[in-house]
Each structure stands twice: as C-alpha cells, then as structure tokens.
1. Of all residues in the stretch 75-97, how many are among the charged types (D, E, K, R) and touching a residue at least 12 places away in the same chain (Cβ under 8 Å)?
2. Against the condition without any contact (Cβ under 8 Å) to a residue 24 or more places away in the chain and within 26 Å of the chain's Cα centre (by Cα), how does Pro72 come out, does it pass?
3. Please note which helices (runs of 4 or more DSSP H) are completely contained in the stretch 1-90 and include at least 2 residues that are at pLDDT below 95 and of a type in the set (Val, Ile, Thr).
Amino acid sequence: MLKVNVLALTRPRSSSLPIIVQEFMKEQYELDRKAKMQVIEQESKERRQLIQSQRIAKDMKVLQIDTRGMDPADAVIINAQKARIRAAYPPPPPPSN
C-alpha cells in the first residue's frame, strides 16, 4: 500500500531532498505498520468469535445428551457438565409488561 505525500513531491532544494525522502519513508512505514495492525486485530477478533461460537455449539450438544440408562458414574460427569453450562448461559429474563 503506497500513499503519496504531496508535500514531499514539491520541488525542494536538492540538499534537503534526502531528508524529505527519509521523512516520507518513515511516514510510509508508520502508515503501513498501522494498516497491518488493523488487519491483525480484525483477524484476531474474528478468530475469537469463531472459537466462542464453536464452544457454545459444543456446550449445546452436551446439554442434549440423555443420561437415562447411562452408567451412573458417567451420568454424574455429564450432569456436572450440564450444570456448569447452564450456569454459564443463564436464560434471558422474561419480558417486562
């Protein structure tokens, strides 16, 4: 991504040209770095949202497990997981009238 600094393109004295080019490059580097950071932040946010939705889907599958007829030791483990999940996702409050 190349952005042109109009002030750097004006005709300065030849002795100040290296300084202007150096400043331009420094500014361009900073702009590129900021743009890259924004892309990284957006990708990270999307990954966190995906992981969260996958976690919720997994938890909802656990809530659907029927423990009737299951070995009692296994049922205790599943029911403990269900209790943890229900505590993590409380039902929404009823609508107020």
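The values are calculated or read from the model by the stated rules, or taken from the named source; none is laboratory data. Bear in mind that the values here come from a model prediction, so they are computed numbers and not experimental data. Here Cβ is always computed from backbone atoms with ideal geometry, including for glycine, and neighbour counts include all displayed protein chains.
1. Applying the first criterion (among the charged types (D, E, K, R)) to the stretch 75-97 yields 82, 84, 86.
Then drop every residue that is not touching a residue at least 12 places away in the same chain (Cβ under 8 Å), which leaves 82, 86.
Summing the residues that are among the charged types (D, E, K, R) and touching a residue at least 12 places away in the same chain (Cβ under 8 Å) in the stretch 75-97 gives 2.
2. So Pro72 does not fit the description; no.
3. Numbers: elements: 6-9, 17-63, 72-88.
Fully inside the stretch 1-90 and qualifying: 17-63.
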